[in-house]
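The values are calculated or read from the model by the stated rules, or taken from the named source; none is laboratory data. Because the structure is predicted, anything quoted here is derived from the model rather than measured. No Cβ is skipped: glycine too gets one built from the backbone with ideal geometry, and neighbour counts run over all protein chains shown. Side chains are part of the model used for accessible areas, which takes the heavy atoms of the whole protein and leaves out ligands, DNA and RNA. Shrake-Rupley method; radii C 1.70, N 1.55, O 1.52, S 1.80 Å.
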Amino acid sequence: MAVTIDRTTADEHAPSPPARLSLTPGTAPGLLDGAWWPRSRDLSRELPALAARLDHSWGRVTHVTVNPAFWPVIPRKVPVTGHTVHVGWFTNEQDPHKLLVFSYTAERLDLLIIPPETDPAAAARLMSAATTPGGLLTASRLMEDERAADDATESRDREEEWETEGGTAPPPAGNPTGPPPSARGM
């Protein structure tokens, strides 16, 4: 995949709404420290709201890293009120569904990135799963599980729709169709 690096640092965007962020309560160690649900795939627009939210509760954000798989443009620096956040990227070393956030105190948060186009119910499930204290699922695994659950729901909905339109489900395996053998003259 080609990565575009935006070398500008001027704030060309209008301020974005507050970040949709959920952090794991307490200090229970886990693979993820929370989840972030950006409204777009524009890091220049989304990172200031995230950094502003974290600056007050966690410490000044100085650096973030992403995997470029889902980000069309990766700025090198993003201006945030009072400071600049440096942005880095790793293709093979970082889970494409995870954002690493570093603070001034050298602490690190690992956040699940919920795609902006995710429906609100699925985003709520993912935020809850990512903030489970001591969670042992990776960001990509959480996304795979959500996709599988979504596919199963979609399949079940199609089957229910088919049956309500006059179709019938096939008989269970092992049950022959038609009259019992004694009725067929055997």
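So which residues in the range 58-95 are basic (K, R) and under 21 Å from D33 (Cα atoms), if there are any at all? If you could, list the steps in order and put the result at the bottom.
From the range 58-95, those basic (K, R) are 60, 76-77; that's our starting set.
Selection gives R60 alone.
Can you find even one residue in the range 162-181 that is open to solvent by less than 30 Å² (accessible area, probe 1.4 Å) and at pLDDT below 95?
Initial filter on the range 162-181 (open to solvent by less than 30 Å² (accessible area, probe 1.4 Å)): 167.
Now drop any that are not at pLDDT below 95, which leaves 167.
Among the residues of the range 162-181, at least one is open to solvent by less than 30 Å² (accessible area, probe 1.4 Å) and at pLDDT below 95, which makes the answer yes.
Is it the case that G30 is open to solvent by less than 50 Å² (accessible area, probe 1.4 Å), within 21 Å of the chain's Cα centre (by Cα), at positive phi and not polar (S, T, N, Q)?
No; evaluated as a whole, the condition is false for this residue.
Can you find even one residue in the range 95-118 that is open to solvent by 50 Å² or more (accessible area, probe 1.4 Å) and assigned to a helix (DSSP H, G or I)?
Taking the range 95-118 as the starting set, the residues that turn out to be open to solvent by 50 Å² or more (accessible area, probe 1.4 Å) are 102, 104-108, 117.
Subset that is assigned to a helix (DSSP H, G or I): none.
No, every residue in the range 95-118 fails to be open to solvent by 50 Å² or more (accessible area, probe 1.4 Å) and assigned to a helix (DSSP H, G or I).
Starting from the range 99-125, keep only residues that are in contact (Cβ under 8 Å) with a residue 12 or more places away in the chain, then list their pairs with residues that are in a loop (DSSP other than H, G, I, E, B) and loosely packed, with under 15 Cβ neighbours inside 10 Å whose Cβ atoms are within a distance under 8 Å, requiring at least 6 positions of separation or different chains.
Qualifying pairs under 8 Å: P116/R39; P116/S40.
If you take the residues in the range 55-72 that are over 18 Å from the mean Cα position of the chain (by Cα) and not small (G, A, S), which one is surrounded by the most Cβ atoms within 10 Å (Cβ to Cβ)?
Let us first name the residues in the range 55-72 that are over 18 Å from the mean Cα position of the chain (by Cα), namely 55-63.
If we keep only those that are not small (G, A, S) too, we end up with 55-56, 58, 60-63.
On the way: D55: 18, H56: 9, W58: 17, R60: 16, V61: 24, T62: 17, H63: 16.
Residue satisfying both the conditions and the ranking: V61.
Would you pick out the residues in the range 54-94 that are closer than 21 Å to I114 by Cβ, in contact with a helix residue (DSSP H, G or I) (Cβ under 8 Å, 6 or more places away or on another chain) and either aromatic (F, W, Y) or part of a loop (DSSP other than H, G, I, E, B) (or both)?
W71, W89, T91
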